[in-house]
Amino acid sequence: MLDKNGKIGSEILTELLITLQGLLHPSLLQQILRRIGYELGRKVSHERKLSQRTPSPAAYVDSLKRATASWDWDWSVDHTDDHQITLKIHSCPLRGLSCGESNACHVMSGFLGGLASAQFGSSTIAVHRGEGTPPRDCQAIVHVGKSAPKTTSEHVTYPESPDLIGPAMVRSKIDTHLSTLSSREREIFHMIGQALSHQEIAKSLGLSVRTVEGHVARMRDKLGIQGRRDLVRLAVSFSLSES
């Protein structure tokens, strides 16, 4: 999701959203977007060795500056104390993201949470979208460590509880049945997890669309999955759990 300059790739995210938006329930899509942002935050923290700093709100702000130094992201600190940082996001780096501006908020929430969790172990993030299209003057509140408030509809605690896309649940469910899939079915399963359509999979593997659909039908039977949406959800979740 990061381009060669270390910036978040809005075009890549937009392409992923276009593929997933019609297949997944909005709440699951939002959870996946937060997970993508979370993994990006942890990846940036690891690559730039930000997690090795002594945990403190001041260190988090400094880490955020270093992590986003090359991004076109205009933000400032509105307030900070021992347990909370309030950020004013004047210009979001994901303002070019298509398929709904609110989707960018979920990615940004996850990113801020991943960066904070890498240093503090846990964090709670609330992102409040600003007005306008694209939105300006958004606000992000970062609660760090055990000081985080009880989660409400406006707060997300990271790392999130493993439910629909939790790695343990996904691996347990897949590992039970994965051995029953043929090598071709496993290959197609992983490609579905990369949000590829039947047409794209067929072209990549040199197969007909009907052949791919046949593999998918047998795959659903073996995994005990009723419809394509559930298969896509499981494959995408498994793909994210491997990141």
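We did not get these values from a lab; they are worked out from the coordinates using the rules stated. Here the structure is a predicted model, which means the values were calculated and not measured. For neighbour counting, all protein chains shown are included, and Cβ atoms are generated from backbone atoms with ideal geometry for every residue, glycine included.
Take the Cβ atoms of HIS83 and ARG48, set R0 to 30 Å, and the FRET efficiency comes out at 0.80. Relative to the current alpha-carbon distance between ALA59 and GLN139, full extension at 0.36 nm per residue lengthens the span by 26.9 nm.
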